[in-house]
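Read the structure below first, then the notes.
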Amino acid sequence: MNKVLLIYTGGTIGMGKNSYTGALEPLDFNHLVDSMPEFQLIKTDIDIYQFAPPIDSSDMAPEKWAQLVRIITRDYDQYDGFVILHGTDTMAYTASALSFLLENLTKPVILTGSQLPIGQLRTDGKENLVTSIELAALKDADGNARVPEVCIYFSGHLIRGNRSTKINADGFHAFDSFNYPHLCDAGVSFSFHDHHILKPDFTKTLMPHLAMDPNVVVFSLFPGVQEHVVKNVLLSKEVRGIVMRTFGSGNAPQTSWLQYTLREAANRGIVVVNISQCVAGTVEMARYGTGCQLKQNGVVSGYDSTVEAAVTKLMYLLARYKNPNVIRSMMNKSLAGEITIE
């Protein structure tokens, strides 16, 4: 029998109403199991690890990502796959972070959750949980993991974790990957899209990483953005990395003060990454003069990266390397399938 480790961090899937305030709060995992008798019918052997106490995903942080890495690494050889129950608000950040922290991953790490608590009649949590466990346990004809990468499963779709974005706060179709196809669509049967699934070297040993440097900031350009505000962000002493969300295919205002500030930031060793504010498409700084100016002033392309992947990748690289030129070079490489480089 295949064996999966189920890691319960908290989130809507296991929440219940506070009897005093009426607000939803994370509950003990036993509440989740008691609400789901189908759990006992799953044919995969399942072990459970629970965060104590469970957390709301709004409280997710780099130290919690390190905790997840330790849990997975500690018993890596004992399991065929891992399922992480996680709140939806920061799930894409966690999935992106784990894709970088779990170097040479050769087993499925599938994050899932729900939009309604599992104890409610119309919950989407039961299908998400059962299917995620089944996907995490699957192997191919050679005995290797069917989907050996960090993924999110939600509402019938398995998507690459570092390509995912939460798109809906209310609907069951809460996640999508605009710049990358689904890895699998789950209907009556599974429809895998094998040419989109990562093909790791199964002979390599997992290399876990724990450190993330959170001295990163995200800011979006907009018409009328003010010089003093941008300078306070870009030239802050604590900041080591900046994810700058620009217009269209990576364009920014042609103002001399912005060019000077970006050049000054780059000269101080701050890594500035350019990603688009659009949910689909890629950064092409050579297309227009408004993009070329950014490249000339030390800004590196984030290609078709999501903001979640760009932020966590930058945090990961800043923790591993001190040389900003090395980090800039690594930002232009696909480390875990997070960007498309033609």
Restricting to region 195-213, name every residue that is out of contact with any Lys or Arg (no Cβ under 9 Å at 6 or more places or on another chain), over 27 Å from TYR321 (Cβ atoms) and of a type outside the set (Phe, Trp, Tyr). HIS195
Failed condition for VAL109, given (1) over 20 Å from MET212 (Cα atoms); (2) open to solvent by less than 10 Å² (accessible area, probe 1.4 Å): (1)
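Taking region 267-282 only, how many residues are open to solvent by 10 Å² or more (accessible area, probe 1.4 Å) and not charged (D, E, K, R)?
Taking region 267-282 and keeping what is open to solvent by 10 Å² or more (accessible area, probe 1.4 Å), we get 267-269, 276-282.
Adding the requirement that they be not charged (D, E, K, R) leaves 267, 269, 276-282.
So the answer is 9.
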Conditions (1) in contact (Cβ under 8 Å) with a residue 24 or more places away in the chain; (2) within 26 Å of ILE341 (Cα to Cα) -> ALA174 fails only (2)
Residues of region 175-191 being more than 18 Å from GLU308 (Cβ to Cβ) and crowded, with 19+ Cβ neighbours inside 10 Å, which ones? CYS184, ALA186
Counting only residues that are touching a residue at least 60 places away in the same chain (Cβ under 8 Å), part of a helix (DSSP H, G or I) and over 16 Å from the mean Cα position of the chain (by Cα), region 67-104 contains a total of 6
Sort out which residues of region 294-315 are open to solvent by 10 Å² or more (accessible area, probe 1.4 Å), outside any loop (DSSP other than H, G, I, E, B) and either touching a helix residue (DSSP H, G or I) at 6+ places or on another chain (Cβ under 8 Å) or modelled with pLDDT under 95 (or both), and write them in order of number. LYS295, GLN296, VAL300, SER301, GLU308, VAL311, MET315
So, in region 224-254, of the ones that are part of a loop (DSSP other than H, G, I, E, B) and free of Cβ contacts under 8 Å to residues at least 24 places away in the same chain, which residue ends up least open to solvent (accessible area, probe 1.4 Å)? SER236
If you take just the strands (runs of 3 or more DSSP E) that sit entirely in region 114-197, which of them hold at least 3 residues that are more than 23 Å from ALA97 (Cβ to Cβ)? 190-192
Restricting to region 255-266, name every residue that is touching a helix residue (DSSP H, G or I) at 6+ places or on another chain (Cβ under 6 Å) and open to solvent by 60 Å² or more (accessible area, probe 1.4 Å). none
For region 116-145, enumerate the residues that are touching a Leu at 6+ places or on another chain (Cβ under 8 Å) and either among the aliphatic types (A, V, I, L, M) or over 27 Å from PRO37 (Cα atoms) (or both). ILE118, LEU129, ILE133, LEU135, ALA145
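The values are calculated or read from the model by the stated rules, or taken from the named source; none is laboratory data. Every value quoted in this text rests on a predicted model; they were computed, and no experiment measured them. Positions of Cβ are generated from backbone atoms using ideal geometry, with glycine treated the same way; all protein chains shown enter the neighbour counts. Just the protein is used for accessible areas: all its heavy atoms, side chains included, with ligands, DNA and RNA removed. Shrake-Rupley method; radii C 1.70, N 1.55, O 1.52, S 1.80 Å.
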